[in-house]
1. Kindly establish whether Glu192 is more than 28 Å from Gln132 (Cα to Cα), modelled with pLDDT of 90 or more, open to solvent by 20 Å² or more (accessible area, probe 1.4 Å) and not in a loop (DSSP other than H, G, I, E, B).
2. If we keep just the residues of the range 73-110 that are under 22 Å from Asn338 (Cβ atoms), part of a helix (DSSP H, G or I) and touching a Lys or Arg at 6+ places or on another chain (Cβ under 9 Å), which is modelled with the lowest pLDDT?
3. Residue pairs, Cβ under 6 Å, 6 or more apart or interchain, first in the range 231-250 and within 17 Å of Asp131 (Cα to Cα) and open to solvent by less than 40 Å² (accessible area, probe 1.4 Å), second part of a loop (DSSP other than H, G, I, E, B) and not aromatic (Phe, Trp, Tyr). List them.
4. Being of a type in the set (Val, Ile, Thr) and part of a loop (DSSP other than H, G, I, E, B) is the filter; apply it to the range 111-139 and report the residue that is modelled with the highest pLDDT.
5. Considering only residues that are acidic (Asp, Glu) and within 12 Å of Ala149 (Cβ to Cβ), which ones fall in the range 85-121?
6. Somewhere in the range 58-70, is a residue over 24 Å from the mean Cα position of the chain (by Cα) and at pLDDT below 75?
7. Just one of the numbered conditions (1) without any contact (Cβ under 8 Å) to a residue 40 or more places away in the chain; (2) open to solvent by 10 Å² or more (accessible area, probe 1.4 Å) is not true of Leu48; which one?
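The values are calculated or read from the model by the stated rules, or taken from the named source; none is laboratory data. It should be emphasised that the depicted structure is a prediction, and the values quoted were computed from it without experimental measurement. Note: ideal-geometry Cβ built from the backbone for every residue, glycine included; neighbour counts use all protein chains shown. When the accessible area is computed, the model is the full protein with side chains, heavy atoms only, and any ligands, DNA or RNA have been set aside. Shrake-Rupley method; radii C 1.70, N 1.55, O 1.52, S 1.80 Å.
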Amino acid sequence: AGTNSLDGQEVISFFQPDKEEFLEYEISKLVHNLAKPEKALIGVFSNLPIQASVDPRNFQPTPAWVFMQQLEELFEIQMIEDLEKDELKDLDLLLIVHPKSLSESALYSVDQYVLSGGKLLAFVDPLAELDQPGPGVSAIPSKSSDLNAITRKWGVALREQKILGDPEVALLVGGADGRPVRHLGILGFSKEYLSQDSVVTSSIENINMATAGIFDVDTSLETKVETLIRSSESSGLLEAYQFEYLSEPEDLQKGFSSTGESFVVAARISGAAVSNFEGAIAGREGFIPSSENIQVMLIADTDILADRLWVQVQSFFGQQIATAFADNGALVANAVENFSGSSSLISVRSRGQFSRPFEVVDRLRRNAEASYLQSAERLQVELAETERKLSELESASPEDGLIRLSDEQTEAIKSFQDQKLRIRKELRDVRHRLDKDIEDLGGWLKLINILVMPLMLTGLLLTIRIVRYQDRMS
C-alpha cells in the first residue's frame, strides 16, 4: 500500500506467484499513480462491445474486455458515442476501434482533431471476427472498417478485403480431428517482427493477431511513416471471404503462395500533413488546413484487443484475475501512455515475458507440413476422380443390379489402388522424415551439451592450469 501528500492511496491487494515477472511493473505503477494523480483523458469510440454490458440474448452481464479494464486503471476514460457531436478538443488521446461506415461529418471531426494537435490511435480491420450482428438482424453486414478516407493523404491506407497469411508466424490451432493444425490467419509476431526503435514496441515480446490486414504506405508524401509490426517475407495475401465460412484451417493452405514481400501491419504516422477536406463542411467553423506534426498510430486488426488472443481470465477468491500469455494489452497501454505524454512505465511493463521458440525445429516442421499438404491434395484429387468413375460404373449397371467390369476397368481400378497405397506410403515417409530430422537435431544438441561442451570446458581449464604452471616455473 502507498499514499502521497494529497491523501491519495494505492493498494496491491495480493501478489500472484504465477505473475512474479510483473512484480516490478505493479510496484512501479503504484508509485506512478501516486506521483501523478491527475490521469490523462482518453476518448474511446468503438463499434465493438468492448465495454461492460448486458447480453441481449440471455440478459446476462458481460464484463468489459481486459484491455479496457487495464486502461481504466491508468487513465480517465470518456466514451464517445457520436464523433460528429461529441467534443474532442479536450482529449489527450482519441482511441478508435473498428470505425465502420463513418459519415463525412465524423471523418471531418477526426481529421480536424488530429491537425489541431490531437493524437489518434486507431484499430481497423478487413474482417473483425467479433463484429457480430445483433438479434433480429437477418442480413449479414460488412465486418470491415478503415480510415482510408483521411489516412490515405497521410501516407497509409488499409488494403481492402485482404487478409495477411504468414506461415512463418502462423499459430497452431485444433483441427477437426483434434490434431494441431497451422492456421495461416492466426498469427503470433515475436520480437524480431516488432520495431526495436520505437518505445512502444521495443519492450514487447510477442503479439497475437487474427485475420489481420495490411497497410499500403506512400513514401512520396511529407509525412514520416514508421513501421511498428511487419510480417515475414514468407507471407502472402488471402481473400476475406475465405474466412467467412472456414471449417478447416488447412483449407487456407490450398493455393496459398508467398509473395516474398514483408507487409506492414502496424504503423505510426508523424510529420507535416494536410487536411483531407478543402474547407469547413456545413455547420462547422474554424477549419485547419494543415499541421506541422501529426501523431497517428494505426493497427490493422481489431481482434488483437479480444481477450481470447492474449489473456486468460480466472476467478480467484471472488476476484477476476487476468493472466496474459501474450503482450497485446501491453502494446495498447504502451501506445496510450506514450501518446498521452507518459512513458515511465513502458520500460518495465513486459520485462518478464520471454519467448524462446525452437526456431530450427519450427522451420523443419513447416517445411514438412508444406510437403505433406501437397501430397495430401494430390491424393484427394485422385480419390475424387475414382469416386466419379465408380459412380459412372454404377449408373451403367444392368437391370439385375450387378456391376460387370471389363478387364481394362478392373486393371485400371487395381492400378489406382496400388497408386493410392504408394501415395499413402509417401505421406507416412514425409511425416517420418519430419520426426527423424527433429530427432537428429535433438541428438546433436544432446551430444553438444553432454559431451562437447564439458570437453571444451575441461580443455580450457587444463590450458589455463598449464599456462599458470609455466608462469610459476619461469
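1. The answer is yes for Glu192.
2. Only one residue tops the list, namely Leu74.
3. Pairs that qualify, where the first residue is within 17 Å of Asp131 (Cα to Cα) and open to solvent by less than 40 Å² (accessible area, probe 1.4 Å) and the partner is part of a loop (DSSP other than H, G, I, E, B) and not aromatic (Phe, Trp, Tyr), are Ala240/Pro126; Ala240/Leu127; Ala240/Gln161; Phe243/Leu127; Phe243/Thr211.
4. This residue is Val124.
5. Taking the range 85-121 as the starting set, the residues that turn out to be acidic (Asp, Glu) are 86-87, 90, 92, 104, 111.
Within the range 85-121, Glu104, Asp111 qualify.
6. Yes: the range 58-70 contains one or more residues that are over 24 Å from the mean Cα position of the chain (by Cα) and at pLDDT below 75.
7. Against the list (1) without any contact (Cβ under 8 Å) to a residue 40 or more places away in the chain; (2) open to solvent by 10 Å² or more (accessible area, probe 1.4 Å), Leu48 comes up short only on (1).
Here is a yes/no grid of residues against (1) within 30 Å of Ser202 (Cα to Cα); (2) part of a helix (DSSP H, G or I); (3) at pLDDT 90 or above:
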residue: Arg268; (1), (2), (3): yes, no, yes
residue: Ala273; (1), (2), (3): yes, no, yes
residue: Gln312; (1), (2), (3): yes, no, no
residue: Val336; (1), (2), (3): yes, yes, yes
